[in-house]
Protein chains: 2
Amino acid sequence: MQGLARQSLTDRGGAERGLADRAAAPQPDFRPGLDGKGPLFGQIKRAVAGQILRGHWQAGERLPNEEQLSSLYGVSRQTVHKAIALLAREGFLVRRRRAGTFVATGRHDRFALPIEDIGDVVARAGSLYEFRILDRRSLRNGEAVRWPDVPDGTPILSLDCLHLSDGTPIQFERRLVNLDAVPEVAAEPFDSVPPSRWLVDQVPWSSAEHTVRAVNATADMAALLGVEPGAACLSIRRQTVHLNRAITLVHFLSVGDRFSLSGASITDSATELNL
Amino acid sequence: MQGLARQSLTDRGGAERGLADRAAAPQPDFRPGLDGKGPLFGQIKRAVAGQILRGHWQAGERLPNEEQLSSLYGVSRQTVHKAIALLAREGFLVRRRRAGTFVATGRHDRFALPIEDIGDVVARAGSLYEFRILDRRSLRNGEAVRWPDVPDGTPILSLDCLHLSDGTPIQFERRLVNLDAVPEVAAEPFDSVPPSRWLVDQVPWSSAEHTVRAVNATADMAALLGVEPGAACLSIRRQTVHLNRAITLVHFLSVGDRFSLSGASITDSATELNL
DNA sequence: CGTCTTATTTTGTACATACATTATCGCACC
DNA sequence: GGTGCGATAATGTATGTACAAAATAAGACG
């Protein structure tokens with residue numbers, strides 16, 4: 001019986017439903033509140049997220065339970081469950097067994113700034129991207145530099161690299177790579193692929209730490225980047241870790257008025273909602 | 001038959017399975033590759049993500065299909081489907097009908113930096129957080145300031161605010177709020193709750209744009225923040241939008257050596273994997 | 001030999017069912 | 001009146017089943 005009752009996914013109108021199995025429902029055919037676009041669980045997600053984003057369901061408020069929602073929208077409990085569980089996973093809702101489902105509060109502090117590869121940024125701006133390896137040396141941790149999260153004596157590759165946009169220096173990069181974790185890097189010449197991209201392509205990572213600060217350029221950095229000493233620069237420190245081992249530690253230094261971090265963060269469900 | 005075959009969720013050992021339905025499988029009881037912790041679909045997620053993160057399944061490689069995985073792990077296809085579909089949603093895998101499931105390539109450029117409320121940051125550092133409203137005025141867009149993404153003539157609230165940590169100024173904030181979108185803000189005195197937090201609590205947003213730059217402090221900003229002119233400062237611009245209407249536009253200016261953005265981004269599945 | 005059509009494989013969605021899990025509510029009992 | 005404990009209501013997980021949708025592969029036909 002339900003086989004016939006399922007909404008056809010080709011004919012998006014949803015107007016051909018049988019009604020034998022839900023004689024009680026006053027609306028015969030169209031499912032109220034749903035837009036008929038795409039899979040049912042997605043329609044329910046949109047419907048529920050819409051209620052929240054439009055302010056009809058306030059933060060902290062309790063939603064109807066799965067049973068009620070399922071009869072409200074005219075779908076099975078599992079379909080409702082999938083939609084609601086996804087919204088909960090995305091942070092829109094909070095669910096507690098026995099207690100119910102609530103609109104999440106304070107989800108708004110989750111601003112995030114995507115940090116992209118400098119080569120991509122330059123290329124997308126339509127400029128010519130180049131880089132130069134300024135220095136490359138193999139050493140052991142604790143000798144000339146100390147990398148706190150790696151044991152002393154670990155073999156390390158140290159790389160200094162300058163990134164240019166249309167011939168103008170925009171970013172200096174000092175990178176340490178853990179040769180115990182990534183021995184292949186020792187054989188890589190980096191004559192066409194910059195170290196950042198090479199690592200990103202070759203080595204998986206499971207977590208990364210970032211610190212972004214503003215600093216005044218020192219004399220030598222100013223000379224390298226072609227600015228006057230004291231110019232404001234963006235300093236980004238990144239350490240990536242995989243399987244509990246530090247992979248690489250990088251310091252980027254970028255000229256303040258030639259480089260900025262920017263990006264749009266979008267609420268997951270807003271994407272699907274086109275809000 | 002399958003009802004009995006289901007793994008008990010209380011006895012986590014998983015040692016009580018019947019084997020009538022899979023006589024071909026040589027391992028009789030324990031499901032191979034699974035750790036017995038938590039729900040089955042989560043175990044499968046960990047098992048699969050582990051194969052990838054440990055490098056046993058390389059980027060671009062094709063995975064066994066759902067049928068094969070289900071008999072490999074000794075669970076139903078739906079359970080496998082749920083696990084794999086979640087991994088795909090998290091960006092670990094790419095799925096194409098008829099073609100199969102593949103390990104995603106190039107997922108590594110997705111570094112993200114969380115941007116937190118300054119009050120939270122100061123409080124977590126164990127310092128005393130205070131703020132002062134320096135200026136507050138109502139005006140119309142285009143009069144003294146122009147907010148590009150809002151129509152001219154729209155009523156706007158402009159706020160200048162200084163944030164302090166243990167009495168030391170660390171951040172200056174200049175904020176514009178769209179009074180058409182958030183009329184309630186006109187009545188809010190902001191004597192105990194800072195504007196940032198008030199807005200975050202009151203108004204939902206569906207997308208936000210950030211730009212982070214490094215700038216040298218101008219004379220007046222330097223005076224406000226108590227640094228010498230020219231000191232490197234972090235400049236953050238944020239515009240939040242909801243239902244296609246700009247809600248608020250903020251400029252934060254923070255002293256370089258008193259404030260930094262930092263945060264850890266973790267691969268979703270790595271969280272569950274404890275890698 | 002190329003092109004169109006048809007078959008097949010694989011993932012995607014929906015529903016039913018059953019039971020597990022967990023927090024809350026309310027009542028009995030001290 | 002508090003306290004514990006069992007009933008209960010809600011979500012969570014697992015499986016079976018049945019199709020739908022999409023994309024590739026294979027074959028028919030010009």
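Measuring from centroid to centroid over Cα atoms, what is the spacing of segment B:164-221 and segment B:65-117 in Å?
Here the answer is 39 Å between Cα centres.
For segment A:49-106, what relative contact order do you get, as a whole percent, if you take Cα pairs closer than 8 Å and at least 6 residues apart?
41
Once the whole set of protein chains is in place, how much accessible area is left on residue A:135, using a 1.4 Å probe, in Å² to the nearest 10?
Number for this one is 40 Å².
What does the accessible area of residue B:129 come to, in Å² to the nearest 10, when a probe of 1.4 Å is used?
50
Assuming R0 = 45 Å, what is the FRET efficiency of residue B:224 and residue A:220, from their Cβ-Cβ distance, to the nearest 0.05?
Computed FRET efficiency for residue B:224 and residue A:220: 0.90.
For residue A:211, what accessible area in Å² do you get when you roll a 1.4 Å probe over the heavy atoms of the protein chains, rounding to the nearest 10?
We get 40 Å² for residue A:211.
In percent, how large is the relative contact order of segment B:118-255, given Cα pairs closer than 8 Å and 6 or more residues apart?
With pairs under 8 Å counted, the relative contact order is 21 percent.
Can you return the lysines within cross-link range of residue A:37? Criterion is Cα-Cα under 16 Å, with same-chain partners fewer than 8 residues away left out.
Here the lysines satisfying the reach criterion relative to residue A:37 are A:45.
Which distances, shortest first and in nm, link residue A:142 to the matching position in the other copies, using label points set 7 Å out along Cα to C-beta?
6.9
Using only atoms on other chains, find how many Cβ atoms lie within 10 Å of each Cβ of peptide A:214-222 and report the average.
4
Eigenvalues of the Cα gyration tensor times 5, then square-rooted: what semi-axes does that give for segment B:118-255, in whole angstrom, largest first?
Three semi-axes, in Å: 25, 18, 14.
What is the pair-distance distribution P(r) of segment A:67-175, computed from all Cα-Cα distances in 5 Å bins starting at 0, with each bin given as a whole percent?
2, 9, 11, 10, 8, 7, 7, 8, 8, 10, 8, 7, 4, 1
Hey, what do the phi angles of segment A:182-194 turn into as Karplus ³J(HN,Hα) couplings, whole Hz, using 6.51/-1.76/1.60 and θ = phi - 60°, x for Gly and Pro?
10, x, 4, 5, 4, 8, 8, x, 6, 8, 10, 9, x
All other residues with a Cβ under 13 Å from the Cβ of residue A:235 taken together, and with Lys, Arg as +1 and Asp, Glu as -1, what is their net charge?
+3
If we restrict to alpha carbons, what Rg and Dmax does segment A:79-130 come to, in Å?
Calculated on Cα positions, Rg and Dmax stand at 19.4, 59 Å.
Enter the mean number of other protein chain beta carbons within 10 Å of the beta carbon of each residue in B:80-91, as an integer.
Average neighbour count from other chains, rounded to a whole number: 1.
Sticking with the crude label model, points 7 Å out along Cα→Cβ, report the distance from residue B:136 to residue B:78 in nm, one decimal please.
It is 5.6 nm.
Could you order B:180, B:257 by accessible surface area, starting with the largest, using a probe radius of 1.4 Å?
I get B:257, B:180, largest accessible area first.
Full extension from residue B:97 to residue B:125: what is 0.36 nm times the residue separation minus their Cα-Cα distance, to one decimal in nm?
Result: 5.1 nm gained on full extension.
Would you kindly work out, in nm and rounded to one decimal, the distances from the label point of residue A:42 to those of the same position in each other copy, ordered shortest first, with label points 7 Å along Cα-to-Cβ?
Once sorted, the set of distances for residue A:42 reads 2.9 nm.
Once amide H atoms are placed 1.01 Å from N in the peptide plane, what residues at a sequence separation of 5 or more from residue B:111, or on another chain, have their amide H within under 5 Å of its amide H?
Answer set, sorted by chain and number: A:115.
The values are calculated or read from the model by the stated rules, or taken from the named source; none is laboratory data. Given the structure is predicted, the values throughout are model-derived calculations rather than measurements. So basically every Cβ, Gly included, is an ideal-geometry build from the backbone, and we count neighbours across all protein chains shown. These accessible areas exclude ligands, DNA and RNA; they are computed on the full protein's heavy atoms, side chains included. Shrake-Rupley method; radii C 1.70, N 1.55, O 1.52, S 1.80 Å.
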